[in-house]
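Quick note: the coordinates plus some simple rules give every number you see, no bench work behind them. Bear in mind that the values here come from a model prediction, so they are computed numbers and not experimental data. Reconstructed Cβ throughout: ideal geometry from the backbone, glycine too, with neighbour counts over all protein chains shown.
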Protein chains: 4
Amino acid sequence: MAQSKIRFPLILINYKTFREATGRGAVRIASLAEEASRKTGVCFAVAPQATDLRLVAMSVEIPVFSQHVDPVGQGQFTGHIPPEAVVDAGCVGTLISHSERPLGLEAIEATVRRAREVGLIPVVCADSVWKAEAVASFKPDVIAIEPPELIGTGIPVSRARPEVVSGGVQAIKGLEKDIRVLCGAGISKGEDVSAALRLGAEGVLLASGVVRAADPLRVLLELAEGAKAVSS
Amino acid sequence: MAQSKIRFPLILINYKTFREATGRGAVRIASLAEEASRKTGVCFAVAPQATDLRLVAMSVEIPVFSQHVDPVGQGQFTGHIPPEAVVDAGCVGTLISHSERPLGLEAIEATVRRAREVGLIPVVCADSVWKAEAVASFKPDVIAIEPPELIGTGIPVSRARPEVVSGGVQAIKGLEKDIRVLCGAGISKGEDVSAALRLGAEGVLLASGVVRAADPLRVLLELAEGAKAVSS
Amino acid sequence: MAQSKIRFPLILINYKTFREATGRGAVRIASLAEEASRKTGVCFAVAPQATDLRLVAMSVEIPVFSQHVDPVGQGQFTGHIPPEAVVDAGCVGTLISHSERPLGLEAIEATVRRAREVGLIPVVCADSVWKAEAVASFKPDVIAIEPPELIGTGIPVSRARPEVVSGGVQAIKGLEKDIRVLCGAGISKGEDVSAALRLGAEGVLLASGVVRAADPLRVLLELAEGAKAVSS
Amino acid sequence: MAQSKIRFPLILINYKTFREATGRGAVRIASLAEEASRKTGVCFAVAPQATDLRLVAMSVEIPVFSQHVDPVGQGQFTGHIPPEAVVDAGCVGTLISHSERPLGLEAIEATVRRAREVGLIPVVCADSVWKAEAVASFKPDVIAIEPPELIGTGIPVSRARPEVVSGGVQAIKGLEKDIRVLCGAGISKGEDVSAALRLGAEGVLLASGVVRAADPLRVLLELAEGAKAVSS
C-alpha cells in the first residue's frame, strides 16, 4: 500500500494551481502519470496543491510531492505548511523555492533542513546557475534548474538555454556530486526530455505541458519515451 | 450531507499547525467541536491546516474554514492556495491575514474579493482597532480582532484589553453595521467568551485554549456555556 | 463536483473483487474509464467493491455503482449494506442479483423498491430470458442479461448466444418499453459491444475483460469505439 | 499514524446499519470512542459499515473492525467482501457470523481461516454456549457470546443470562485457553460491563446502547468505568 520511491530519470509534474489539476482533476493527472509509469517503466512523480495531497496519495502509488513547505514547525504558525503536515498527508518530498514561490537563501536552507528532519526529499528550484551553486551548499537531494522566463512558454529550456542546463549540472556536481539535477521550463515533448538528459540532467520538472494538454496521457507517454531514448 | 451554515455567536477554533490538530488529530478536534455544538446548540467552526481540510470536511457537519488563502486564481501559482482549492475541499470560509500570516491592506482587499467570488466567507483578522477600521472598508462578512501580544498567553483579550474589543466593535459597526465582529487572543474559558459577548463581540476565535487542552471537549463545552450565558 | 449522470449506450465495468481493482487499483480503473469517456464521449460507469465506493466516488466524475445492496433499512442489520449507505458513499446506482450474488425474485423486488426509495438506479442482472421477463415486472431502470456460463470466458454473449440478447431485449421491451437492457458475459472487444448493440442491447456489463487486461485503457477505448460504430 | 492494537478488556462498538452511525456519523461515534479511550485508558474498537471503513480508519487511531467478511478471495465474487478488501481499507479485524448475519459452521471455519491469512483478527459471534464450543475448535482470537433474544432490548445478558456468559467462558477456555471471550446483548451501562467481566468475560460487544444513545460519549465513559471497576 505504500508509495513507491523515486528513481532517476525522474519526470516530476507540478500541478501549480491549475483548475484542471484540482480535486478530482488532481487524481486524474496522477492516475495518468501512474499509467505512463506502468507502461514505460519511467519514474513519474506529481506535485498537487496542498489541499489535494492526501486524496492523491491515497489514490495512486507513484510518489507525491508538495509544491511548498514552510520552514516552520508544529505550533503557532497559522496559515503555514509545516513539513510534518505533508508527511502526514502521504508525501515523500517537496518542491522548495519554485520561481512562483521564491524563498531567500536563508529560508531555503532552513526549509531543506526541516524537510530532512521529517524524511521529506527536498527538491530545491533554482532560476540560474548562480542560484543553483548557492543552494548546492545546503545539500538538497535534488536541484531543479528552471529559467523563469521560459516557464509556460512551450520553448524548452533544453533548446533555448542549453548552457544553463549543462552549466548548472557541472556547477552542482562539481560542488556536490550526489545531488541530482532536474531541469524545467517550456518542456512538453519527448525530445525536450531527451535533450535535457543529454545535457546531463537526470530528469525534468514540468507543469502546463501535461496539466493543460488536450491529451495528458499521450504527452506523458512521449515524455517517458524521450527519457528512455537516452537513459537506456 | 452538506455542511451546516455558520450562526452567531460563533466559536471558531483555529488549529494553527499544532501537532495535536494534524491528520487524525484534526478530525478529533472537529468531532469534539461538533459534539459541543450538538450538546449546547452553540455554533462551532474549525480551521484546520490546508492538508487536512478535505478530510475534516468529509468527517464532520460543522463549518470548516481555511486558515489562509492567497489572492491568486487557478493557474501559474505554484505553492499558493487559491480560494477555489479550499472550496473544492469542502470549506465554507477562510481566515485572512491572521497575525501569524499577515497581509498588507492591498492583499487583504484582493483576498476578500477573491474569496467572495467563489462563495467563501471571509474572516479578516485585525490586530488593532485601527487595522479593523481599515479592513472594514473591504466589507468582509466577519472581522476578528486579536491583539497579537496576548495570543497563546491565556490572558484573555476580553479582560486584558476590553477597550480593544468594545472599541473595535463600535468602530466597525459605525462604518459597516452588517459586519460581524469576533475577538480573540488568550481565550480559554467560558467567562472569557461571556465577557467578549458583553463587550459587543459576536463570537470568539481561539486556538491553543482548545487544541492543547488536556480535555478539549470540556473546554469546548465551557466556552459554549459562556456564550449561552450572555446570548440567551 | 457532482458525478455525471448515466447515458446510453452505457459501458458498465464491474470490479468484482479482483485484486487489480482494489484500493488504489479501484481508483486506477475508474480514472482510466473516465479517460476513455472523455476521449470518446461514450458513457462509462464503474462498480467497485463496497469498501472502495467512497474513495472512487471522490476521485472521478463518472457514475459509480455498488455491486450489491441488501433489501434492508438503517438499523439492526449487522454485516448488511443498506441502499442508504451506498448513497452516502456517493453512488448513483447499484447492481442487483449478479449471478455471483444471486437473489430470489422476492428479494430482487424488495431491493429494487428500496433502491428506488433512496434514489439509486437499480440494474438487475438476469441469467436468462425467462429471468429477465420475471424481473421486468419490478420495473427496474436497467436489466443486464448475462448467461453465467460465459462469464470470464472471453467468449462474448453477443456471438455465442445472440438469441439470448435479442430475445431478452424483445421480451423486456414487450413488457416494459422504458427498461434499458444491457448484456454481459465474455465481452472484451469493441466488436463484442457493436454486436450487442446491433442485437438491441443499449450497453454492456463487463469485468475481467477490462480489470485484468494488460492494458485496460486500450481495451476501454476499443469498447467505446465499438459502441460508437453502431450508435452514431 | 498506524492504528493501535487491541487490548483487553475490550469494548467493541458494532455500528450495525444505524443511520446515526453512517458516513459522518460513523466518524462521530469513532471519535467519541477514541475520546473515551484517551480519558480512561480502556480499549475501545469500532465496527462500521463496509462503505465507511476506510473513512473511519483514516480518521481515528482506535482499532477498526469490519462487521462481516465473506470467505472468498480476490476474483470473481461480485457483491462479496473478501478479507483483503477490509485490510486495504485499514481494518485490524472482523466480526464473523453475527446473529444478524449468521453463517454455518463450515463458512465460519473458512472465514476464520481466510481472515487469518491476511492478518485480520477474527471475532466470531456465537448465540449459545453450544455454538461457542463448536466455533472454539476453529481457534479464532476472540469469541463473542450474544443471546440474540436480548439484542437491542436493554436487558443485559450479564444479568438476564449470567449462566450463558460464565458457562460460555468456561466451555471455551476449557477447550482453547487462549481464546478471548466477549459477551454482548442488552449492554448499555457500566454495571453491565462490570457484571460481564466478573462472569469471566474479557470485554463486551454492543451497538444501540452507544450508537442510539442521546449522549454516546457519556455512555462510552460509563462503560469504561464499569470495565475499570473490575479489571483494575
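Tell me the distances, shortest first, between residue B:20 and the same position across the other copies, using label points 7 Å along Cα→Cβ, in nm to one decimal.
2.8, 4.5, 4.9
Taking the Cα centre of segment D:14-65 as origin, work out the dipole magnitude from +1 charges on Lys and Arg Cβ and -1 charges on Asp and Glu Cβ, in debye rounded to 20. If you can, show how the numbers build up before the last one.
Numbers: 7 positive and 5 negative charges, 23 e Å.
Roughly 100 debye, rounded to the nearest 20.
Under 20 Å Cα to Cα from residue B:139, which lysines show up? Leave out anything in the same chain fewer than 8 places away.
Within reach: B:5, B:131, B:173, B:177.
Would you kindly work out, in nm and rounded to one decimal, the distances from the label point of residue A:117 to those of the same position in each other copy, ordered shortest first, with label points 7 Å along Cα-to-Cβ?
3.7, 4.7, 5.6
Where does the charge balance sit around residue B:51 when Lys and Arg score +1, Asp and Glu -1, over other residues with C-beta under 11 Å from its C-beta? Before the final figure, lay out the partial values.
On the way: positive: A:54, B:54; negative: A:52, A:84, A:88, B:52.
Counting the neighbours of residue B:51, the net charge comes to -2.
Could you size up the charge dipole of the protein assembly as shown around its Cα centre, putting +1 on the beta carbon of Lys and Arg and -1 on that of Asp and Glu, and report it in debye to the nearest 20? Provide the component values of the computation, followed by the final result.
Values: 100 positive and 104 negative charges, 0 e Å.
Taking the Cα centre of the protein assembly as shown as origin, the dipole is about 0 debye.
Defining the label point at 7 Å along Cα→Cβ, can you sort the distances from residue D:162 to the same site in each other copy, shortest first, in nm?
Reported distances to equivalent positions: 6.1, 7.7, 9.1 nm.
Please work out whether segment C:10-231 counts as rounded, prolate or oblate from its C-alpha gyration tensor, where a ≥ b ≥ c are the square roots of the eigenvalues and a/c under 1.5 means rounded, while otherwise a/b larger than b/c means prolate and anything else oblate?
oblate
Provide the net charge surrounding residue B:121, with neighbours chosen by a C-beta distance below 14 Å and charges set as Lys +1, Arg +1, Asp -1, Glu -1.
Details: positive: B:5, B:7, B:113, B:114, B:116, B:139, B:180; negative: B:117, B:141, B:178, B:202.
With Lys, Arg at +1 and Asp, Glu at -1, the net is +3.
Which value, in debye to the nearest 20, describes the size of the charge dipole of segment C:10-231 about its Cα centre when Lys and Arg Cβ atoms bear +1, Asp and Glu Cβ atoms bear -1, and nothing else is charged? Could you put the intermediate results ahead of the total?
Values: 23 positive and 26 negative charges, 63 e Å.
Approximately 300 debye in magnitude.
Straight-line reach from residue B:39: which lysines have Cα under 16 Å away, leaving out those fewer than 8 places along the same chain?
Counting by Cα, and skipping residues close in sequence, residue B:39 has these lysines nearby: B:228.
Hey, any idea what Rg/Rh is for segment D:165-232, computing Rh the Kirkwood way over Cα pairs?
Working: Rg = 12.5 Å, Rh = 12.3 Å.
That ratio equals 1.02.
Mind checking which aspartates and glutamates have their C-alpha under 12 Å from residue A:16, skipping anything on the same chain fewer than 8 residues away?
A:52, A:100
Considering the rotation that carries chain C onto chain A, locate the chain C residue whose Cβ comes closest to its axis and report the distance in whole Å.
Nearest-to-axis residue on chain C, with distance in whole Å, is C:31, 2.
Specify, per residue and in Å³, the volume enclosed by the convex hull of the alpha carbon atoms belonging to the protein assembly as shown.
On the way: hull volume 157.0 nm³, N = 928.
Per-residue hull volume (Cα only) is 169 Å³.
Could you tell me which of B:22, B:12, B:42 has its Cα farthest along the dipole of segment B:10-231 towards the positive end, charges placed at Cβ (Lys, Arg +1; Asp, Glu -1), taken about the Cα centre?
Result: B:42.
Hey, got a sec? Which chymotrypsin sites (Phe, Trp or Tyr not before Pro) in segment A:71-178 land in a DSSP loop and have at most 12 other Cβ atoms within 10 Å?
Nothing satisfies the criteria.
Take the alpha carbon atoms of segment D:73-100, find their center, do the same for segment A:24-41, and report the distance between the two centers in whole angstrom.
28
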